[in-house]
Each structure stands twice: as structure tokens, then as C-alpha cells.
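Let me begin by presenting the structure, written as C-alpha cells, before commenting on it.
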Amino acid sequence: MTNYCGGFFLLGISYFYAMILASPHDLAYSPKKIISLVPSQTELLYALGLEAETIAITKFCVHPKTWFQSKTRIGGTKTINIDKVISLRPDLIIANKEENVKEQVEMLAEHFPVWVSDVNTLDEAYQMVQDIGILTKTENIAAELVSAIKHMFNIFIQNNNIKKRISTAYLIWKDPYMTVGRDSFISDLMGVAGLENVFHEQLRYPEITLSKLKQLNCKLVLLSSEPYPFKEKHIEELQRELPGVKIILVDGELFSWYGSRLLHSPAYFEKLRSEIENDL
């Protein structure tokens, strides 16, 4: 996840043009020229062993570092260079319903097959990995990856008292402050980690005020490293307004990237809960 404020779109797959693939099984051939418009799914393509097949990525696809340094970049997730993509003649484009702009995806779909993922829960992330495995004819590797991620989360749940939930606000933006609603992937992952989203009644990524945050009497505020790069100075600013509330910086990738990076999220949540529970 990279740039929330560029404009989300919530239309269903049926609103797209005909070259939007309705099912991963609709791509009959094995793609040899893939362009990824989504950072977390770029990293997934790497995990699936698609080095040669992935020909271009966005400027926000920072993992793996070797791809970020060597692959052709086609703009940002919401500022795709359409002409450049067309010149590359991909045989598959991988996009996301939330991270990419509807009109840009529609333009690309007039020329090339496009797969649009829609990931709002951990279970949907598992399905997305399997779908991309089907699309790229790497089903066995994808299945092994999903199994490994599930195993890591099962170990985390077994080792922690997840029933003891900590009332938490997760901030993704400043000026204005923005948080996550219940229908976001981050909120679902918070629940898996045993954190109760105090803005559960909200949808998507609402703007909030500090006065509202005070009213909710949360015990913990998490400041994400992305899309807004919160720093230590922001903890100090908020702490003056929220005395008695624990405020910490967290790795936004491990809460919001829904591909192979999920392998690392359970261990991170384990460490995070240990830090939190020692102070609360």
C-alpha cells in the first residue's frame, strides 16, 4: 500500500471493460511479459519465481530491492504512464481495485488482459495469492506459500492470548489525520493480531480529529510508516494531546502488504504484542 490519498475506487469487476479477466482461469496461456501495478503483488511475483516474466513495475514497488533497481518503472500506482505500458506490449497486467485508478485500468484493459485483485481480509489475501498462481501457472509454489503463511499465523495465535484485545487506533495520514475502517485489510489484520480497531464503525479510510480520538478512550495508537512517514517527532506531538495513551511507530508494510510479505507479519505481531503488553 503506498498512496491512499490519490483516490480509491470501489466498483465491482463487472464495471470494467471486457479485457478485465473475470476469473484467473480465463487466461489460457502462460504469460511471458507481466506488468505489476501493485507493490505487494510485485513482491509476490518475485516469490513465485517470475523474474524473467515480470518486465515492469511501479516506482513504489520497492521490494525486492534488486527489481526496484533493475526493472522498468511505469509511474506510480495512481499515475501510470499509459503510453509506456502500451509500448512494452505486456501479455498480463496485474492491478488492484483500491490501489489503482479506475480510469487508468480501463484504458489499459482496452489493449491488454488485466487482472484486478480486491483484498480486504487475510482470507482474501490467501485467495489472491492462489489466483495469481493460477494466472502465472505457478499454482504449486503459490499453494506452498499460502500454507507457509497460514502456518506462521497459527503459531502466532497459539502463542498469544488473542482473546485479550487492546483498543487501538491505527493512523495512516496526517493533516488531516486519517485512520482505517472495518472494511480495510489493515483493520482485518489488526483483529488477527489481537488489536481492537476503535474506528470499527467507520468505513474505508476516514478523516478523524484528535477530539474524536480522545472520546474513544483507546489504549494504543499506532503510527504507520506508510503512506504517511510518521516519525518520532509525531509521537511527541500526539503524546501531549493524548497523555496516558501508548503511541508507537509500526511497520506499515507488515500491516498492509497482502502478498508474500505476510510471511513476516506474525513474528512482527509477536514482538509488537510483547512490547505493548509490558506497558499496558
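The values are calculated or read from the model by the stated rules, or taken from the named source; none is laboratory data. Only a predicted model underlies this, so the values are computations on that prediction, with no experimental measurement involved. Every residue, glycine among them, receives a Cβ derived from its backbone with ideal geometry; neighbour counts consider all protein chains shown.
Checked against (1) surrounded by fewer than 22 Cβ atoms within 10 Å (Cβ to Cβ); (2) of a type outside the set (Lys, Arg); (3) more than 16 Å from the chain's Cα centre (by Cα); (4) not assigned by TED's automatic domain parsing to the domain that holds LEU45, LEU135 meets all criteria but (1). If you go through region 173-195 and pick out every residue that is of a type in the set (Phe, Trp, Tyr) and closer than 20 Å to SER40 by Cα, you end up with 2.
Within region 195-204, identify whether any single residue is surrounded by 21 or more Cβ atoms within 10 Å (Cβ to Cβ), closer than 25 Å to PRO243 by Cβ and either outside the structural domain of LYS231 (by TED's automatic domain parsing) or not hydrophobic (A, V, I, L, M, F, W, C) (or both), and answer yes or no. Yes, region 195-204 contains at least one residue that is surrounded by 21 or more Cβ atoms within 10 Å (Cβ to Cβ), closer than 25 Å to PRO243 by Cβ and either outside the structural domain of LYS231 (by TED's automatic domain parsing) or not hydrophobic (A, V, I, L, M, F, W, C) (or both). When PHE8, PHE60 are checked against the criterion of being aromatic (Phe, Trp, Tyr) and at pLDDT 95 or above, PHE60 stands alone in meeting it. When LYS102 is tested against (1) crowded, with 17+ Cβ neighbours inside 10 Å; (2) closer than 28 Å to LEU263 by Cα, exactly one condition is not met: (2).
Looking across ALA169, ALA95, ALA143, ALA148, one residue alone is assigned to a strand (DSSP E or B) and more than 14 Å from the chain's Cα centre (by Cα). It is ALA169.
Scan region 154-176 for residues that are of a type outside the set (D, E, K, R) and touching a Phe, Trp or Tyr at 6+ places or on another chain (Cβ under 9 Å) and the total you get is 8. Of the numbered criteria (1) under 30 Å from PRO31 (Cβ atoms); (2) surrounded by 16 or more Cβ atoms within 10 Å (Cβ to Cβ), the one SER147 fails is (2).
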